[in-house]
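See below for the structure under consideration.
The values are calculated or read from the model by the stated rules, or taken from the named source; none is laboratory data. Computed from a predicted structure; not experimentally measured. Every residue, glycine among them, receives a Cβ derived from its backbone with ideal geometry; neighbour counts consider all protein chains shown.
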Amino acid sequence: MIAAVFDSIPAMILLTGILVGASGALLGSFLVLRGNAMLTDAISHSIVFGIILVWLMTRQLAGPVQLIGAALTGVLTVVLSEALARSKLVKMDAAIGLVFPALFAAGVILISLYARDVHIHVETVLLGEIGFVWLHTVTLWDQRVPVAVVTLAAVLVINLAFVLALWKELKLASFDPGLAAALGFLPGVLHYAILTLTSVTAVAAFDAVGAILFIAFVIVPPATAYLLTRRLWLMVVLAVALSVAACVAGYVLAIHWNVSIAGMMASMTGVWFAIALVCAPQRGLLARAIQAREQRRDHDCRTLVAHLFTHQDTPDMAEENTLRALTGHLGWPVPRARAAILRAHDRALVERRAGLLTLRPKGMAEAEAIFGRSTTVRH
């Protein structure tokens, strides 16, 4: 049965995507919380420079040396960006925008000059081709397994072990770096450790899925999960689950429409984010619209109570404490005035007596809270 799985091309394509998605989402959750998500984009592009440098020194396109060398280039991108930002000459976003295009361009130039006949293409780095991962295999326990699956599985294990071993430290450093530093948790070291693992994951993923899909997995599922929950463990679990769902749905739709598999997987992460953006229970656009409507109705209710309180038991009460006064004097449309009256009535704040709106005891207490004074000093 296991042999049948590894011999299945669709299964290997899906497994590759799932491994990249899970690895990226694990680290991306902490990067999103720390506001460093776009460093992923910088790292994913600048590793081209590291890849060609390692090839020039070793003439190897794969292996641990290339993995480490290219990953260190990603860390170099972060170090240079932060150093430039600390100079106070430019802000962090501008520093990132200055550093990674320079390293990426240098990598492209070196490829053009020294690696024209070698299988190092910028298009491959950026876009990858997940549909061909099954062609490059290695034998493990008498079973042919795609190299990308082996490499990405190892990276996922490393990332998962890192997160589980340092969960409390990562959690504290993400939410309160100052307290983490005071307790000796070295948030700066954790920061660079996360970015180093992000660089390693990017290098491991680029040949199979490309930088674009990797960036999508690192940023979009964690950002989507952040809309759905504020509990860190649940956010991480949701981010991984959304990545897996994007892989499965993206593959099915890509086969159905005969389009890019990696592109469709990345697009599905955007679909999940769009759905969460609209429908998230507390922070989605619909929830916020409902909250704004409820706040507006509460405000109208309090305005009604204040209006009635001001005119109750005064000579102009017969004119002011009516629906007509709300529409005429306050400028409210009739539906808005009726809604405010019904809301106040449902809350036992007002009642209609002899055709006039009057405050009930609960409404009087509400009015006193609004004005901060007793009814006995009302004029």
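Before moving on, here are some points about what is shown:
- Exactly one residue out of V248, V236 is among the β-branched types (V, I, T), in a helix (DSSP H, G or I), in contact (Cβ under 8 Å) with a residue 12 or more places away in the chain and more than 18 Å from V133 (Cα to Cα): that is V236.
- Across region 51-106, the qualifying residues are those that are under 17 Å from T151 (Cβ atoms), of a type outside the set (A, V, I, L, M) and not in a helix (DSSP H, G or I), and the one among them that is nearest to the chain's Cα centre (by Cα) is G63.
- Taken over region 42-71, residues that are over 20 Å from V209 (Cα atoms), of a type in the set (S, T, N, Q) and in contact (Cβ under 8 Å) with a residue 12 or more places away in the chain amount to 0.
- Selected residue (criterion: surrounded by the most Cβ atoms within 10 Å (Cβ to Cβ)) from residues of region 107-134 that are under 31 Å from the mean Cα position of the chain (by Cα) and modelled with pLDDT under 60: V125
- Residue match in region 173-191 (condition: touching a residue at least 40 places away in the same chain (Cβ under 8 Å), exposed (fewer than 15 other Cβ atoms within 10 Å of the Cβ) and either in the same structural domain as G69 (by TED's automatic domain parsing) or under 20 Å from the mean Cα position of the chain (by Cα) (or both)): yes
- Residues satisfying the stated conditions in region 273-305, i.e. surrounded by 12 or more Cβ atoms within 10 Å (Cβ to Cβ) and assigned to a loop (DSSP other than H, G, I, E, B): A280, R283, G284
- Of the listed requirements (1) surrounded by 19 or more Cβ atoms within 10 Å (Cβ to Cβ); (2) modelled with pLDDT under 95; (3) over 19 Å from N159 (Cβ atoms), V259 misses just one: (1).
- For T310, the criteria (1) surrounded by fewer than 18 Cβ atoms within 10 Å (Cβ to Cβ); (2) farther than 30 Å from D346 by Cα hold in every case but one, which is (2).
- Elements of type helices (runs of 4 or more DSSP H) contained in region 309-379, each with 3 or more residues being within 20 Å of D298 (Cα to Cα), small (G, A, S) and touching a residue at least 24 places away in the same chain (Cβ under 8 Å): 334-346
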